[in-house]
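Data first, discussion second: the structure below is written as structure tokens.
The values are calculated or read from the model by the stated rules, or taken from the named source; none is laboratory data. As the structure is a prediction and not an experimental result, all values here were calculated from the model. All Cβ positions, glycine included, derive from the backbone under ideal geometry; neighbour counts span all protein chains shown. Heavy atoms of the whole protein, side chains included, go into the accessibility calculation; ligands, DNA and RNA do not. Shrake-Rupley method; radii C 1.70, N 1.55, O 1.52, S 1.80 Å.
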Amino acid sequence: MSDWDFLYDMHDAGYSPEQISDAAACGYNPWEWEPDFEDDEEFLASCPQGDPELALIFERLVDNARSYHERTGRYLQIWGELGELYAEVRYGIKRHKPHTRGSDGKLGNDFIEIKTISPEKDGEQVQVKRAGNFNRLLIIKISGHFEFEGRFIKRKHLSKGDGAYARVSWSKIPPTEDESQT
């Protein structure tokens with residue numbers, strides 16, 4: 001059986017000449033590349049606040065990062081973007097335009113700063129600029145298995161000090177699953 005026999009199978013299965021031509025041009029077998037919509041539907045159900053298209057893009061980025069790590073033993077260095085995208089999809093945060101200073105987005109009337117803890121990070125601490133324009137800090141933790149979890153902390157609960165940065169430990173923040181996100 002040649003690599004192109006699937007084109008005959010497509011014809012026998014009732015695909016149109018245009019679909020067969022597209023498959024020949026791309027060289028793909030549609031039966032080998034069927035997306036797994038069950039996982040997509042489950043993920044979309046867990047993200048009722050976000051844009052469904054953006055949620056699927058996020059899920060595919062995570063799948064690609066996971067596949068890359070499995071293949072190479074290296075992580076793609078996209079943690080901050082994945083954390084912010086997760087915050088947008090999971091919590092409905094409206095992100096600012098790129099390079100906006102002070103905060104990463106808005107949730108209701110609150111300005112949100114988002115920090116990400118990657119699986120490569122030794123500790124479970126983040127540091128945030130005290131001068132930032134935010135009401136709440138959202139810390140996203142990504143496990144080595146690409147599982148995501150987020151926790152909110154109000155700015156007034158950050159440690160007091162004179163330094164330019166406040167340090168926040170993941171373990172000191174209670175889980176926010178029951179907290180109203182608006």
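Structural remarks
- Annotation note: of L82, L54, L137, the sole residue that is within 15 Å of the chain's Cα centre (by Cα), open to solvent by less than 50 Å² (accessible area, probe 1.4 Å), among the hydrophobic types (A, V, I, L, M, F, W, C) and at pLDDT 95 or above is L82.
- Checklist (1) under 16 Å from S103 (Cβ atoms); (2) open to solvent by less than 40 Å² (accessible area, probe 1.4 Å); (3) of a type outside the set (V, I, T) applied to R151, failing item: (1)
- Condition check for D162: open to solvent by 50 Å² or more (accessible area, probe 1.4 Å), free of Cβ contacts under 8 Å to residues at least 60 places away in the same chain and either out of contact with any Pro (no Cβ under 6 Å at 6 or more places or on another chain) or at negative phi (or both): yes
- Of everything in segment 101-123 that is modelled with pLDDT of 90 or more and within 21 Å of H69 (Cα to Cα), the residue that is most open to solvent (accessible area, probe 1.4 Å) is E120.
- Test: residue in segment 30-40 that is in a helix (DSSP H, G or I), at pLDDT below 80 and in contact with a helix residue (DSSP H, G or I) (Cβ under 8 Å, 6 or more places away or on another chain): yes
- Sole residue being under 15 Å from the mean Cα position of the chain (by Cα), open to solvent by 10 Å² or more (accessible area, probe 1.4 Å), at pLDDT below 95 and at negative phi, chosen from H96, H145: H145
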